[in-house]
Amino acid sequence: MFAKGDYVFYASGGICHVEDVQCAPLPGMPADRTYYVLRSLHDANGVSYLPTDCTTVFLRPILTSDEAERFLKDVNDVETITAPDAKSLRTNYQEAMRKNSPDEWFRVLKTIRERTMQTTDNARPVKLSETERTFSEEAKKYLYTELSLALDLTTAQIEACLFENGSKIAE
């Protein structure tokens, strides 16, 4: 069970702050059930009321600082996503994002970043699709927020840790 003040990843709301844990926070809700009041960090108006005994939605704690540091030490070992064509690549991105895992979010980001550094046969940079840009933004939003909270760093520092230094934690 999560406590007031915790940060969690909620599949429907992204990274959320547990603002409260209370019985029936809104009129019409069963008075005998306890709910998490979750405030999305990605949507200023995003508040969710989730029963604490609900098992049908994905809800997990964010990484601890130790887990986040281990994650940063291992980022260079993360393999990119490969696919024979654009449709398969999109499917692989979707599957990775559905796992709701920092490792998978980073795989998506690393793959897209490497694709932007490739060139076509006539030496032009590979152009990302709107779908890839959307996956990249979503993965960044979730991963950078989670690592920022766990390590008390800015998102710029997180990006530097992930892509410039690899295993160095910016201070």
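Could you work out the relative contact order of the chain, using alpha carbon pairs under 8 angstrom and six or more residues apart, expressed as a whole percent? Provide the component values of the computation, followed by the final result.
Values: 241 pairs, mean separation 31.2, N = 171.
Reported relative contact order: 18 percent.
Past the 19 angstrom mark, what percentage of all C-alpha to C-alpha distances in the chain do you count?
Details: 8822 of 14535 pairs.
The proportion of pairs with Cα distances above 19 Å equals 61 percent.
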Where a Cα-Cα gap under 24 Å defines reach, which lysines qualify for K87, not counting those fewer than 8 residues away within the same chain? K99, K110, K127, K140, K141
Can you tell me the 0 to 90 degree angle between the C-alpha axis of helix 65-74 and the longest principal axis of the chain, rounded to 10? 20
Taking the Cα centre of the range 7-61 as the origin and placing charges on Cβ (Lys, Arg +1; Asp, Glu -1), which of P27, V47, L59 is farthest toward the positive end of the dipole? L59
With only Lys, Arg, Asp and Glu charged, each at its Cβ (+1 for the first two, -1 for the last two), find how big the charge dipole of the range 65-165 is about the Cα centre; round to the nearest 20 debye. 480
What is the distance in Å between the Cα centres of the range 33-52 and the range 81-145? 29
Would you look at the GNM of the chain, springs on alpha carbons closer than 10 Å, and say which of A156, A44, A139 moves the most? A44
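Any read-out appearing in this document is the output of simple, stated calculations on the displayed coordinates, not a laboratory observation. These numbers were taken from a predicted model, which means no experiment stands behind them. Neighbour counts are summed over all protein chains in view; Cβ atoms, including those assigned to glycine, are modelled from backbone coordinates with ideal geometry.
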